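The structure under discussion appears below in the form of C-alpha cells.
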Amino acid sequence: PNSLTGEGLPYLDEVEFVVAVDIQGRSNGLRSGQFDIIHTSNSDEIKKYEEAGEFVLLQANDFGETSYILLNVGAGENPVLAFVRGLDSLAMDPGDLNSASPLLQLSCRRALAHAIDRQRVADERGAGIVTPANGPFPPGSIGYLEDSGYPDFDLDAAAAEFETCKADHGTTPITFSYNTTNDAFNVETNELIASMWRDAFGDEIDVSITPIEQGQYIGLALAGAFQAQGWRNHGGVDPSEQWYWWNQATASPIDPGVPELALNFGRFQDAAMDEQFTIIRQNPDPAARQAAAEEVNRLFGENVWNFWTTWTLWGVAANPRVQNITDLELPDIGGTTMPVIGGKHHLTQM
C-alpha cells in the first residue's frame, strides 16, 4: 500500500519484511515478483545482478563488516571480569569444555591461518568482487593497515608452524569442530576452507563441518558453545564501536551449568588491546586514536584471535519501481545522511 505525500512519488505506508535464509530462494523471489527488494552479502549473487539490467543494484562496502572464522579461545582466569564482579578469581572454562581445543594454541592458530588461501576464497566464493581481509578494519577505516602482521598464505610456513602446533597440543590428529549456517552457499564456502586445511596437513588434521540453523547460531556464540564458526561482524564508522566485542570485561566464562552470555564471543583476553581501546575511547587527538586503532589491528595479526577471510560487500537488488532506497534528507539543516553504513540503508523516503 502507498499514499501520496505532498508532491512527487508515493511513499510507502508499510514494508513487509520476509525472512528468507537461503540466498537462492531469496533471489528467485525477486526475479519472480514475490519480493520487491532483497538484501544480501553473497557476492556471488551480487555479481549476477551486475549483468541483469532489469533490476536496480546498489553495492556498498562503506564502514562494512569483515567476514571471518570466529575462534573460541576461552581459558585460564579473567582478572578484569573478576574485579568487575568483586571476586578474587574467575575461571573462564570451569567445566573444561574448551580445554581440548587446539585453537587455544597460538602455533595451531598460526598454522591454520597460513594454510587459508584468502585470495582463492575471494575469487571462488566472492566472485572476485570482494577483497581478502588481513584484519577487522577495511580500507577507509582509521585502523586499516596494508600489512597488519596477520599470517599470509604460505604452505611452507604453515607446515613449520604445524609441527610446533602438534608439540604444543600434545595429540594428533589436530581435531576441532567448525560451524556454519545451514545456507547451502555458506556450507560450501566453509567446506572449501576446511579442504585447504586437509590439503595442507593431510590426515594429521580432523575438522568437521556442522551446519546450524540460523536462529540458533548466535546463541552458540553468546554461550561459548562452539570451537570455530563462520562469522561476519565489526561494521561501523569508528573503532570505538568495537570495544564491547573484544574487551576482557565482556568475556564471560563458558559455564556448563547456566550459560553466561558474552559479547566477546571468542572470549580472548588481550590486556594490550584493552589499553589501546582506552586511548581510542578517551583521547581526543585524532592521530593518537588512529595509532591506537592500528595497534589493535597488529595485535589481532600477532595473536591470530580470528581467521580473517574477506571484507564484506553488501548488495541491495530491487524492482525499478522501488525508489529512493538510500535517500534520507535531514530536516531543517539540509543535506543527507550517509546512504549506507555496514549494509544498512534507509526506508524513510522509499
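The values are calculated or read from the model by the stated rules, or taken from the named source; none is laboratory data. Predicted model only: the values in this text are computed from it and were never measured. Cβ coordinates were reconstructed from backbone atoms using ideal geometry, including for glycine residues, and neighbour counts include every protein chain displayed. Side chains included, ligands, DNA and RNA excluded: accessible areas come from the protein's heavy atoms. Shrake-Rupley method; radii C 1.70, N 1.55, O 1.52, S 1.80 Å.
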For this session: Identify, from the list GLY202, GLY149, the residue that is closer than 30 Å to ILE280 by Cβ and either modelled with pLDDT of 95 or more or assigned to a helix (DSSP H, G or I) (or both).
Result: GLY149
For this session: From (1) out of contact with any helix residue (DSSP H, G or I) (no Cβ under 9 Å at 6 or more places or on another chain); (2) within 25 Å of ARG120 (Cβ to Cβ); (3) surrounded by 17 or more Cβ atoms within 10 Å (Cβ to Cβ), pick out the condition that doesn't hold for ASP203.
Result: (3)
Problem set entry | Selection within the range 152-192 - among the polar types (S, T, N, Q) and outside any helix (DSSP H, G or I) | THR171, THR172, THR175, SER177, ASN179, THR180, THR181, ASN182
Seminar exercise, completed: Considering the range 42-55, residues that are touching a Phe, Trp or Tyr at 6+ places or on another chain (Cβ under 9 Å) and surrounded by fewer than 20 Cβ atoms within 10 Å (Cβ to Cβ), and then whichever is farthest from GLY143 (Cα to Cα), we arrive at PHE55
Problem set entry | Unmet requirement for SER195, which otherwise passes all of (1) part of a helix (DSSP H, G or I); (2) more than 19 Å from the chain's Cα centre (by Cα); (3) in contact (Cβ under 8 Å) with a residue 40 or more places away in the chain; (4) more than 25 Å from ARG298 (Cα to Cα) | (3)
For this session: Scan the range 10-32 residue by residue and report those that are under 19 Å from GLN323 (Cα atoms), in contact with a strand residue (DSSP E or B) (Cβ under 6 Å, 6 or more places away or on another chain) and either open to solvent by less than 40 Å² (accessible area, probe 1.4 Å) or basic (Lys, Arg) (or both).
Result: LEU30
For this session: Looking for whichever is of a type in the set (Phe, Trp, Tyr) and surrounded by fewer than 15 Cβ atoms within 10 Å (Cβ to Cβ) here; the options are PHE35, PHE83. Which one fits?
Result: PHE83
